[in-house]
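Written below as structure tokens is the structure these notes are about.
The values are calculated or read from the model by the stated rules, or taken from the named source; none is laboratory data. Here the structure is a predicted model, which means the values were calculated and not measured. Here the Cβ positions follow ideal geometry from the backbone for every residue, glycine too, while neighbour counts run over all protein chains shown. Ligands, DNA and RNA are excluded from the accessible area calculation, which covers all protein heavy atoms including side chains. Shrake-Rupley method; radii C 1.70, N 1.55, O 1.52, S 1.80 Å.
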Amino acid sequence: MPKLLTQKEALKAYRDMLLIRRFEERASQLYGMGLIAGFCHLYIGQEAVVVGIQSVLKSQDTVITAYRDHGHMLACDMDPKGVMAELTGRSGGYSKGKGGSMHMFSREKNFFGGHGIVGAQIPIGAGLAFAHKYKEDKGVCIASMGDGASNQGQVYESYNMAALWGLPVVYVIENNHYGMGTSVERSSAGPNYYGRGQGWGIPGEKVDGMRLMEVMAAAQRATDHARSGKGPYILEFDTYRYRGHSMSDPAKYRSKEEVEEVKIHRDPIDYFRTYMTETLKIKEAQIKVIDDEVKKTVLEAVEFSKTSPEPDPSELYTDILKEEAPLQ
Amino acid sequence: MTANQREDIPMTDSSLVTLTVREALRDGMAEEMIRDESVFLMGEEVAEYNGAYKVSQGLLDQFGAKRVVDTPITEHGFAGLGVGAAFGGLRPIVEFMTFNFSMQAIDQIINSAAKTLYMSGGQMGCPIVFRGPNGAASRVGAQHSHCYASWYAHCPGLKVISPYSAGDAKALLKAAIRDPNPVVFLENELLYGRSFDDVSQDPDYVLPIGKALIRREGKDVTLTAFSIMVGKALEAADRLAEEGIEAEVIDLRTLRPLDVETIVESVMKTNRIVSIEESWPFAGIGSEMAALMMEHAFDYLDAPVLRVTGADVPMPYAANLEHLALPQVESIVEAAKAVCYRS
Ligand SMILES: Cc1ncc(C[n+]2csc(CCOP(=O)(O)OP(=O)(O)O)c2C)c(N)n1
Ligand SMILES: [Mg+2]
């Protein structure tokens, strides 16, 4: 049974989830206006997963994920302005406008991307864990992937090495039931992703990713395990993305009813709001303060992303190689 | 000119010794591992077996299993793991048993290691060395014989080194390990056992990446080569000298960034150039050389740029066919004479 949250913890978690939702709604608008281009993968529906995991992390821990990364970055406390300005391809973006929606990083917040090659982030995550172990900094790496990515061979190469060497990595599978237009039933023989580490003795569990406290509790178990030197852990979160795969996807491969069913009965933010008011007795007025603050934060990010200038043409040829270190 | 009569090693360095390329590479890694705790070596058979080609001989004993790591046979996975370790502040040396197997991992090398600095607006350096033998060994057929120099040299965000002598191998590997960027370091199996008298024992001695070396001076034709082909080019130059043609042999040493200046200066003097490599001709290093000479030395050329390359076929196994598929001294001599209009 997940423990009760304090009012303060609850308000922070609610704020973080709401920030992601409102941020993504605005990103969707900006995309419609032509201010954001290319691929843009929204995280709406999956907010409880990253917010729950982030709540148990320590400052030295590292996070890496794929291209559906806006939520992860906001959960890592990266500045919404810098994220939105990257989406609009401006110099104020986290990658100076040179990375785009799928490729953003923050050394300061230990967020290691933002990777556009499905599955590639997983062995990289094992490498971040390798570095934690090597440096003995007691850090854990959270390496996230989708249900689709879970069928990539390098995921299993990574499981093997992580188990073999006892690396402190938590593999997170955000099972939103689709990889683009392919449902898990059509992509995966035996889609128990959490059990796929069994052959290597990696413990795994399936968790309702729409229920924040369950995510938190599972993330605590998994990170405790990895941090204590017992090696990797797999968490599969049952979740759902409300929007298409990317902005250009009308999502014809699933029914409206299927989506509505989740929105009405399983929405992670609605559910948590009810928990706040009914179980924790938090007042509507307190929640309203957060709603307003989030709205303001997102509007500021939008404004910044529109007014930040495009990168200087001279930026085309910078950041290809790092400055030479002194050789001697 | 013997290998140690070189302008870039200070003649005050009395510590030059004769070593095989294999020993020089090992010493280079060992010195850097002593110098920097964050340097570690990983790959298949690098530790307990002392390296598939014994390049890491003794390193496990010297540094222990934390820093000399035997991996499973999992190139895609351990290349990616190396990239992550580099993002995480370490300096991995990742050995491929041969670069042919790096094709399993090329996605991580290019999409993750080479591009991330740019995609992160300069935040995310990836100080990693991918090293191992490259190109043809002997009689190992099509899947174990290819030279990947042009594949990797194509990619911004990488540095690509391919040394010839033992001294260069050591000093450039040390530079690669210290470099804050991803470096592809292409060795050659047939060179591993060859000795050179140019190895510095000064642990602070490194060579700059991106600088070619004129291994033989000449006024009539420029021959460019890298790795084992440098030896072939030098032999060809000896033969050409007998026929009164003085060839200048440039050891490219680094393929990216290529030392265009040294090549152009040479061509301004010789007015003729032959590019030599053992890989396939199409879109190869020689193609690039031809284009660069058009762009930078067109007015100095007295003959078309010629390429001596491997044959445009998968490497055959049969001894006679393998010989035919690889550049030989005769083909270099012929090409040099052709551009001198002496055939
Ligand atoms: C190696 C590779 N193959 C294919 C693609 C194209 N692609 C991008 S996202 C995607 C679906 C991935 O689905 P999943 O892992 O479930 O993540 P989700 O989008 O649901 O978050 C595909 C096929 C890619 N980017 N990289
Ligand atoms: Mg999915």
Test for A:Met102: is it touching a residue at least 24 places away in the same chain (Cβ under 8 Å), within 16 Å of ligand 2 (Cβ to nearest atom) and either open to solvent by 20 Å² or more (accessible area, probe 1.4 Å) or part of a helix (DSSP H, G or I) (or both): yes
Tabulated pairs, the stretch A:214-232, first more than 15 Å from A:Lys138 (Cα to Cα), second of a type in the set (D, E, K, R), C-beta under 6 angstrom, 6+ apart or interchain: A:Glu214/A:Asp208
The stretch A:112-160: number of residues that are in a loop (DSSP other than H, G, I, E, B) and polar (S, T, N, Q): 1
Among residues of the stretch B:47-68, those that are open to solvent by 10 Å² or more (accessible area, probe 1.4 Å) and within 13 Å of chain A (Cβ to nearest Cβ), counted: 5
Among the candidates A:Ala37, A:Ala10, A:Ala27, A:Ala85, residue that is touching a residue at least 12 places away in the same chain (Cβ under 8 Å), more than 14 Å from the chain's Cα centre (by Cα), within 16 Å of ligand 1 (Cβ to nearest atom) and farther than 25 Å from A:Ile122 by Cα: A:Ala27
Where A:Gly82 falls short, out of the listed (1) farther than 23 Å from A:Gly190 by Cβ; (2) open to solvent by 30 Å² or more (accessible area, probe 1.4 Å); (3) not in a loop (DSSP other than H, G, I, E, B): (2)
Lone unmet requirement of (1) of a type outside the set (Asp, Glu); (2) closer than 24 Å to A:Leu212 by Cα; (3) surrounded by 14 or more Cβ atoms within 10 Å (Cβ to Cβ) for A:Phe304: (2)
Selection from the stretch A:307-328 of residues that are surrounded by fewer than 16 Cβ atoms within 10 Å (Cβ to Cβ) and of a type in the set (Asp, Glu): A:Glu310, A:Asp312, A:Glu323, A:Glu324
From A:Gln60, A:Gln54, residue being in contact (Cβ under 8 Å) with a residue 40 or more places away in the chain and either open to solvent by 10 Å² or more (accessible area, probe 1.4 Å) or closer than 30 Å to A:Gly32 by Cα (or both): A:Gln60
Residue tally, condition in a helix (DSSP H, G or I) and out of contact with any Leu (no Cβ under 8 Å at 6 or more places or on another chain), over the stretch B:82-104: 8
Matching residues in the stretch B:271-287 - criterion: being over 25 Å from B:Leu190 (Cβ atoms) and crowded, with 24+ Cβ neighbours inside 10 Å: B:Arg272, B:Ile273
Residues satisfying the stated conditions in the stretch A:169-193, i.e. within 15 Å of ligand 1 (Cβ to nearest atom), open to solvent by 20 Å² or more (accessible area, probe 1.4 Å), more than 18 Å from the chain's Cα centre (by Cα) and not polar (S, T, N, Q): A:Gly181, A:Glu185, A:Arg186, A:Pro191
Filter result for A:Ser91 (more than 13 Å from ligand 1 (Cβ to nearest atom) and over 30 Å from B:Arg91 (Cβ atoms)): yes
Residue match in the stretch A:164-174 (condition: within 11 Å of another protein chain (Cβ to nearest Cβ) and either assigned to a helix (DSSP H, G or I) or among the charged types (D, E, K, R) (or both)): yes
Single condition A:Ile269 does not satisfy, out of (1) more than 24 Å from A:Ala162 (Cβ to Cβ); (2) open to solvent by 30 Å² or more (accessible area, probe 1.4 Å): (2)
Some residue of the stretch A:252-269 being under 18 Å from A:Lys12 (Cβ atoms) and more than 16 Å from ligand 1 (Cβ to nearest atom): yes
Matching residues in the stretch A:111-130 - criterion: being open to solvent by 10 Å² or more (accessible area, probe 1.4 Å) and over 15 Å from B:Asn111 (Cβ atoms): A:Phe130
Qualifying positions in the stretch B:31-62 - more than 23 Å from B:Pro127 (Cβ to Cβ) and part of a loop (DSSP other than H, G, I, E, B): B:Glu45, B:Glu48, B:Tyr49, B:Asn50, B:Ala52, B:Tyr53, B:Lys54, B:Gln57, B:Gly58
Residues of the stretch A:167-206 classified as over 20 Å from A:Gly125 (Cα atoms) and within 16 Å of ligand 2 (Cβ to nearest atom), total: 16
Among residues of the stretch B:107-162, those that are within 17 Å of B:Pro92 (Cα to Cα), open to solvent by 10 Å² or more (accessible area, probe 1.4 Å) and more than 11 Å from chain A (Cβ to nearest Cβ), counted: 0
Per-region count, the stretch A:224-240, residues in a helix (DSSP H, G or I) and surrounded by fewer than 22 Cβ atoms within 10 Å (Cβ to Cβ): 6
Whichever residue in the stretch A:141-168 is crowded, with 24+ Cβ neighbours inside 10 Å and farther than 15 Å from A:Gly119 by Cα and, among such residues, is farthest from ligand 1 (Cβ to nearest atom): A:Pro168
Scan of the stretch B:200-219 for residues that are touching a residue at least 60 places away in the same chain (Cβ under 8 Å) and more than 14 Å from chain A (Cβ to nearest Cβ), ordered by number: B:Gln201, B:Leu213, B:Arg215, B:Arg216, B:Glu217
Selection count, the stretch B:171-192, where residues are closer than 14 Å to B:Arg22 by Cβ, in contact (Cβ under 8 Å) with a residue 60 or more places away in the chain and open to solvent by 10 Å² or more (accessible area, probe 1.4 Å): 1
